[in-house]
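This report concerns only the one structure given below.
The values are calculated or read from the model by the stated rules, or taken from the named source; none is laboratory data. In this text, all values refer to a predicted model and were calculated from it rather than measured experimentally. Cβ atoms come from the backbone with ideal geometry, glycine included; neighbour counts cover every protein chain shown. Remember, those area values only see protein heavy atoms, side chains included, never the ligands or the DNA or RNA. Shrake-Rupley method; radii C 1.70, N 1.55, O 1.52, S 1.80 Å.
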Amino acid sequence: MKNNKKLRKWLDDFKLDHPLVIAGPCSAETEAQMMSIANELKGSDVSIFRAGIWKPRTRPGMFEGVGSIGLKWLQKVKKETGLLTATEVANANHVKLAIEHDVDVLWIGARSTVSPFIVQEIADTLKGTDKIVLIKNPVNPDLALWYGGIERLYSSDIKKLGVIHRGFSTYSKSKFRNNPEWQIPIELQNKFPDLPLICDPSHICGRRDLLHDVSQISLDLNFDGLMIESHIDPDNAWSDAAQQITPKVLIQLMKELKIRKGAFNEESYVNKLAKYRTKIDIADNDILEILSKRMIISDKIGKLKKKQNVAVLQSKRWNEILGKMILVGKEKGLSEDFVLKIFKAIHQESINHQNKILNS
Ligand code: PEP
Ligand code: MN
């Protein structure tokens, strides 16, 4: 698949002067719930109403969606509010039913993108239709798998394509439900700059207090839109209660976000600068994260040395590290002087930590 300006035609056809917003509940629950949310979103910047009808739950026994009855409610939402509709499809039968009920946008969930069999089945069933199809990243941080999903749909002649970044699961603890790993969507964006890229801060954050910051980062990185879960009574939602917000809060959030108008194709200085600065902020945070991890290891060595009553400074080992790092640094375009300064500072901090441990 080649990048090509036509990839964003469906998005340009919305003729928006702000990012595309897709909003609605995690799950369709009742007709009244759907209609009340949709009526409050009507007239806002939201263009597409989302609702999960078939819910992929990690563990059985949880609410698994209302099923095809929910498609009738989506039809009613469209008829009464004029909003386009979107739902998740995970097999050929879902695709057929969604098409029969005139759903406008179909998305492939993160648990489906991991399976080439499922994506191929969906792509084969969609062949010949002109639906907008959005592919969420796979749950695991694997860019090739994400590319694979895009390529399978593109090969089935689906030209109204887009991708949704919803973060990646990790075993280690994080404040996010799914780590954003921004470098992955950035790499995808570099490869396909015209493929519409939408951020789903709801599934990245897993909690509503983080939504604003994650949404802002995505807009600063020139994402084309947002998909945000919105529920009339978030705390009592049947799924993903902690991350949903009321339509009123959503509308307020959209007002607060700094939207870089005209950022879609325009390569103006201000937009480029904002994008680079956000990347720098992410890189700086990564540096601190990795330094703190290094210090934790160093503390463990300190404890070991204390047990064996060994001196903190082991100069042979240290000289080896320095020599190696200077060589690696050179290969990466970093001057010897810079590498020396940084590693001396890191080393000093390690020694301070270990001295504290030895004398505790
Ligand atoms: C959803 O959008 O409600 C959903 C299940 O998302 P994901 O596939 O990203 O987990
Ligand atoms: Mn959800």
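Observations, loosely collected:
- Percent of C-alpha pairs per 5 Å bin, the stretch 171-302, short to long: 2, 9, 16, 19, 18, 14, 10, 7, 3, 2, 0
- In the stretch 1-85, the trypsin sites (Lys or Arg not before Pro) that fall in loop regions by DSSP, at most 14 other Cβ within 10 Å: K2, K15, R57
- 5 Å-binned pair-distance histogram of the stretch 208-263 (Cα, whole percent): 4, 19, 29, 21, 14, 9, 3, 1
- Computed with a 1.4 Å probe over protein heavy atoms only, the accessible surface of the chain comes to 51 Å² per residue.
- Spacing of the modelled spin labels on N359 and D235, each 7 Å from Cα toward Cβ, amounts to 5.1 nm.
- Using the alpha carbons alone, the radius of gyration of the stretch 231-311 stands to its Kirkwood radius in an Rg to Rh ratio of 1.29.
- Percent of beta bridges antiparallel (DSSP, the chain, rounded to nearest 5): 5
- Tail weight of P(r) past 18 Å, computed on alpha-carbon pairs of the stretch 271-358, percent: 57
- Carbon and sulfur %, accessible surface of the chain computed with the full protein complex present, 1.4 Å: 55
- Size of the stretch 1-131 from its Cα atoms: along the principal axes, largest to smallest, the extents are 43, 39, 25 Å.
- Along each principal axis, Cα extent of the chain, largest first, Å: 75, 43, 41
- Entries of K127/K279; K175/K330; K279/K332; K2/K76; K9/K79 with Cα pairs more than 27 Å apart: K127/K279; K175/K330; K2/K76
- Interchain or long-range residues, amide H under 5 Å from F168's placed H: N179
- Euclidean distance of C-alpha centroids, the stretch 285-324 and the stretch 191-264, integer Å: 41
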